[in-house]
1. Output the residues belonging to the stretch 138-158 that are open to solvent by less than 40 Å² (accessible area, probe 1.4 Å) and either among the polar types (S, T, N, Q) or more than 30 Å from I306 (Cα to Cα) (or both).
2. Mind checking which residues of the stretch 323-335 are open to solvent by 30 Å² or more (accessible area, probe 1.4 Å) and assigned to a helix (DSSP H, G or I)?
3. Please give the number of the condition A113 fails out of (1) in contact (Cβ under 8 Å) with a residue 12 or more places away in the chain; (2) under 30 Å from A282 (Cβ atoms); (3) not polar (S, T, N, Q).
4. Name the residue that is farthest from L293 (Cα to Cα), counting only residues in the stretch 160-212 that are hydroxyl-bearing (S, T, Y) and modelled with pLDDT under 70.
5. Yes or no: the stretch 99-109 includes at least one residue that is under 20 Å from the mean Cα position of the chain (by Cα), open to solvent by 70 Å² or more (accessible area, probe 1.4 Å), at pLDDT 90 or above and among the hydrophobic types (A, V, I, L, M, F, W, C).
6. Which of the residues that make up the stretch 139-187 are more than 12 Å from the chain's Cα centre (by Cα) and of a type in the set (G, A, S)?
7. Go through the stretch 263-322 and give me each residue that's within 15 Å of the chain's Cα centre (by Cα), surrounded by fewer than 17 Cβ atoms within 10 Å (Cβ to Cβ) and assigned to a loop (DSSP other than H, G, I, E, B).
8. Could you please give the count of residues in the stretch 159-172 that are over 11 Å from T110 (Cα atoms) and open to solvent by less than 10 Å² (accessible area, probe 1.4 Å)?
Amino acid sequence: MNIQAQRWLINRRTFLRGTATALGLPLLDAMLPARAGAQTIAQRPRRSVFIYVPNGVNAAAWFPQQDGREFGFSSTLKPLEPLRDHLSVVSGLHHPNAKNGHTVADNWLTGAALDATPGYRYRNSISADQIMAEQLAGRTRFPSLELSSIGGTGKQGGSSTLAWTRGAVAMPADNNPRSVFERFFTNSPGGAVAMREALSKDQSLLDTVKADADSLARRIGKRDQEMLDEYLTAVREIEQRVQRAEKWADIPKPAAQDDFIAAASFREDVGGYLTTMYDLMALAIRTDSTRVLSYLVEREASAFTIPETGIKFGHHALSHHNNDPRLMADLATLDTFLVQQLAR
């Protein structure tokens, strides 16, 4: 490691040990082993961010009309044009199990065939982001970050999250920017000792649950045993997360300022809310707190509007435009607004 890289590492450690007003440094090239440029770039962590907008878009105004590197940006994607050298627009894809436009968020990242009636033999599978998180487990403090503008898990056929565990359990998404910031960048008041005590209590509870479940399994029918097995799979996954958290107990979280967190409501200030959520995601990536993120902008069939555009119709209502030129133009305006937030 060269002297410059050592200085960066020293500075970074100083920031991590500093006061709450200090800023954690992003992962810089200087922090990586000094090798040839191409090799250094190859060693950079790879990140995956999945962002889902419900109800579909005005495809006529979305996709470019030409192929190749010199394609012309469509009117909706125009805000991304300054990033031409850093993006690819992919068209012609088909999701064979996306059979109902109002439930696609449930299986967008799982690919599962959700033909069963919600609430009865409904069976999803692990999502792509969680497969990645499994492979990267232990390399970052948080295997993944799940976000949505609604929060929680939602319901079967109306998910509020994009992430599903290997046990087909929906992972709750956070919609509170403040709680996300505190979870990722605020250390526990009691330090590592308090954190270990809390994790120990969690582990003890999990042990009790498993013991009771083993006893119950011997007295119930086959169908109930299948449901219990699904439940225990989810418990085991929680146990694994607790064990991973224990390994990070003695490592301080990166310090970061929270002055970018606005008290914006998604319903009242879509742009302000998205700005805050995207900044949180960027900060999580820059500090290498996680490398896998998902964000559900809104639930399927939601009547959300974007007041800043002056359009009173909701995104879902406009998606049923029936090729009406005025409604299609309004939908394209909402689509463009969402792309602008991403481009920023």
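1. T140, R141, F142, P143, S144, S148, S149
2. Selection gives P325, R326, L327, M328, A329, D330, T333.
3. Of everything listed in (1) in contact (Cβ under 8 Å) with a residue 12 or more places away in the chain; (2) under 30 Å from A282 (Cβ atoms); (3) not polar (S, T, N, Q), A113 misses just condition (2).
4. Filtering the stretch 160-212 down to residues hydroxyl-bearing (S, T, Y) leaves 160-161, 165, 179, 186, 188, 200, 204, 208.
After this cut, where a residue has to be modelled with pLDDT under 70 as well, the list is 188, 200, 204, 208.
Numbers: S188: 23, S200: 27, S204: 30, T208: 32 Å.
Per the criteria, the residue is T208.
5. Looking through the stretch 99-109, at least one residue is under 20 Å from the mean Cα position of the chain (by Cα), open to solvent by 70 Å² or more (accessible area, probe 1.4 Å), at pLDDT 90 or above and among the hydrophobic types (A, V, I, L, M, F, W, C).
6. At the first step, the residues of the stretch 139-187 found to be more than 12 Å from the chain's Cα centre (by Cα) are 139-141, 150, 152-159, 165-170, 176-179, 181-187.
Hits for the stretch 139-187 are G152, G154, G157, G158, S159, G167, A168, A170, S179.
7. Those that are within 15 Å of the chain's Cα centre (by Cα), surrounded by fewer than 17 Cβ atoms within 10 Å (Cβ to Cβ) and assigned to a loop (DSSP other than H, G, I, E, B): none in the stretch 263-322.
8. Going through the stretch 159-172 one residue at a time, the tally reaches 4.
The values are calculated or read from the model by the stated rules, or taken from the named source; none is laboratory data. What you are looking at is a predicted structure, and each value in this text was computed from that prediction instead of being measured. Neighbour counts are summed over all protein chains in view; Cβ atoms, including those assigned to glycine, are modelled from backbone coordinates with ideal geometry. Ligands, DNA and RNA are excluded from the accessible area calculation, which covers all protein heavy atoms including side chains. Shrake-Rupley method; radii C 1.70, N 1.55, O 1.52, S 1.80 Å.
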